[in-house]
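What follows is a single structure, written as structure tokens, with notes after it.
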Amino acid sequence: MPPTFRNMSKVPRVLYGIGAFEKLNSVLLSNRRNAKAPFIFLVDDVFLQKFDLTKRIPCSYDDQIIFVSTVEEPTTVQVDDLVQQIILNYEELPSGVIGIGGGSVMDLAKAVALLLTNKGSASDYQGWDLVHNPGVYSVGIPTLSGTGAEVSRTAVLKGPELKLGINSDFTPFDQVILDPMLTAEVPKNQWFYTGMDCYIHCVESLNGTFLNAFSQAHGEKALMLCENVFLNSNLTDLEKSERLMMASWLGGISIANSQVGIVHALSYGLSFVLGIKHGLGNCMAIEHLEQYYSEGVKVYRKMKDTHQIDIPSGVCEHLSEKEYQQMTKIALSLNPLWENALGKNWKSVINEKVVRELYEKM
Ligand code: NAD
Ligand code: ZN
């Protein structure tokens, strides 16, 4: 049983299909308030080199494309800067914010849409249900599958003190466009890391104490799709893209009504202290969690070997005492994740020493 009932908000409109991106123009048409209220397209700057996609973005009137670097995961400062820039540039609030990219850009877009109508800094809203007003209309268009950011009620940001999401009923996109063609050219390693994020969402949800029939139904299907994508060599690339896109969606819904677990708790620490990105951090962490997720780790290794992916090791070797403490503190602060993994009495088996020893192995 989950600890509380969740009356979940969800993405009200989804447009799915090969080539669905071409429908963006017609989707936006009915949502433009007037000629002075622009659409702001936040686009992963990897598409500066891929002009094909950029040229197909339906810009008109005062609409603006802002290319975003994803070298770093999104931060609260980045959100505040973008919001200020948009407010200064236009007389009216935008008609909408459209995020085109992986989890980083989609989370950035969700947060910018919210902060345009909620005063203060994005860091004021990191946490649960702190947002008071609906954001401006928002659209998510994934170009990389796995995080589930396209479907989730959170926008994960690095803040001054923590990496933590803006979790609220106002956070989900108003519209999502799922076009498997957009993920066709993702480099292999990145495809694997972000795909494993989805696989790990399923492992943690399905093995958690918060599991319920709703999460299980979505999680099992997503897990099956992941195993299909990463272990079935008979699929075409496009079939893999289609399946991983749906796995990401279903895996995201699964954790929304349960929770993630130990892999994510450790990965958040790696990300905050060492800047290791989410998908890769998850892979580094799961390698050492056989004791907690034995079947999940076994299948993960098979997938990794099948695709000959190298996961860096020794990343914590040169950490200072202070950095170890900070990383451990961040991981241990994520109570619901540990409780989901190990039950209410998780503190009887997990402490600073156990977490530090896990980090020392990475
Ligand atoms: P990402 O968005 O950071 O992108 C990773 C890399 O892939 C970047 O270099 C990007 O330029 C590149 N890329 C993206 N699309 C591409 C394409 N079509 N072709 C070639 N390259 C492409 O990676 P991600 O794993 O999707 O997202 C990670 C972020 O998502 C983290 O910040 C994490 O905290 C967040 N996250 C959010 C949720 C949520 O529910 N909101 C869940 C999990 C993770
Ligand atoms: Zn994740």
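Rounded to the nearest 20 debye, the dipole magnitude of segment 45-165 is 300 debye, with +1 charges on Lys and Arg beta carbons, -1 on Asp and Glu beta carbons, and the Cα centre as origin. For segment 255-362, taking Cα atoms only, Rg and Dmax work out to 13.5, 38 Å respectively.
Backbone phi angles across segment 158-174, fed through the Karplus curve with coefficients 6.51, -1.76 and 1.60 (θ = phi - 60°), yield HN-Hα couplings of 8, x, x, 10, 9, 9, 8, x, 8, 9, 6, 5, 8, 6, x, 4, 7 Hz in residue order; Gly and Pro are listed as x.
Taking the Cα centre of the chain as origin, work out the dipole magnitude from +1 charges on Lys and Arg Cβ and -1 charges on Asp and Glu Cβ, in debye rounded to 20.
The calculated dipole for the chain is roughly 560 debye.
For segment 1-108, list log₁₀ I(q)/I(0) at each q in 0.15, 0.21, 0.24 Å⁻¹, using the Debye formula over Cα point scatterers of equal strength and ignoring solvent, two decimals each. Per q value, in the given order, log10 I(q)/I(0) is -0.75, -1.28, -1.47. The Cα trace of segment 1-64 gives Rg and Dmax of 16.5, 51 Å, the first to one decimal, the second as a whole number.
So for segment 48-144, what percent of the C-alpha to C-alpha distances run longer than 19 Å? Display every interim value, and only then the final one.
On the way: 1915 of 4656 pairs.
Everything past 19 Å amounts to 41 percent.
With 27 Å as the limit, the listed pairs K163/K298; K119/K344; K322/K347; K10/K329; K158/K329; K188/K302 have K163/K298; K119/K344; K10/K329 beyond it between alpha carbons. Across segment 129-279, the fraction of Cα-Cα pairs farther apart than 22 Å, rounded to a whole number, is 41%. Given +1 at the Cβ of Lys and Arg, -1 at the Cβ of Asp and Glu and no other charges, the dipole of segment 135-189 around its Cα centre is 220 debye to the nearest 20.
Taking the charge dipole of segment 98-239 about its Cα centre, with +1 at Lys and Arg Cβ atoms and -1 at Asp and Glu Cβ atoms, the residue from T143, Q216, T117 reaching farthest to the positive side is T117.
Of the residues S95, H264, P172, the one whose Cα sits farthest toward the positive end of the charge dipole of the chain, with +1 on the Cβ of Lys and Arg and -1 on the Cβ of Asp and Glu, is P172. From the alpha carbon centroid of segment 291-311 to that of segment 146-212 is 20 Å. Couplings for segment 15-21, taken from phi via the Karplus curve 6.51 cos²θ - 1.76 cosθ + 1.60 with θ = phi - 60°, read 10, 10, x, 5, x, 4, 4 Hz in order; Gly and Pro are left as x. Amide H contacts under 5 Å for I65: F41, restricted to partners 5 or more places along the chain or on a different chain, H placed in the peptide plane at 1.01 Å from N. Please list, ordered by chain and number, the residues whose modelled amide H lies under 5 Å from the amide H of V176; skip anything fewer than 5 residues away on the same chain. Long-range HN contacts for V176: R13, V14, L15, G140.
How many percent of the alpha carbon pairs in the chain exceed a separation of 37 Å? Walk me through the intermediate numbers first.
On the way: 10100 of 65341 pairs.
Here the long-distance tail beyond 37 Å is 15 percent of all Cα pairs in the chain.
Applying the Karplus relation 6.51 cos²θ - 1.76 cosθ + 1.60 with θ = phi - 60° to segment 308-323 yields 3J(HN,Hα) values of 6, 9, 8, 9, x, 10, x, 6, 9, 3, 9, 6, 7, 4, 4, 5 Hz, where x marks Gly and Pro. Near L157, the amide H atoms lying under 5 Å from its own belong to L164, G165, I166; only residues 5 or more places off or on other chains count, and H is placed 1.01 Å from N. Size of segment 201-328: Rg and Dmax of its alpha carbons, in Å, are 15.6, 49.
Rule-based calculations on the coordinates, nothing more; no lab input. The shown structure was predicted, so the numbers you read here are calculated from the model rather than taken from an experiment. Glycine gets a Cβ as well: all are built from the backbone with ideal geometry, and neighbour counts include every protein chain shown.
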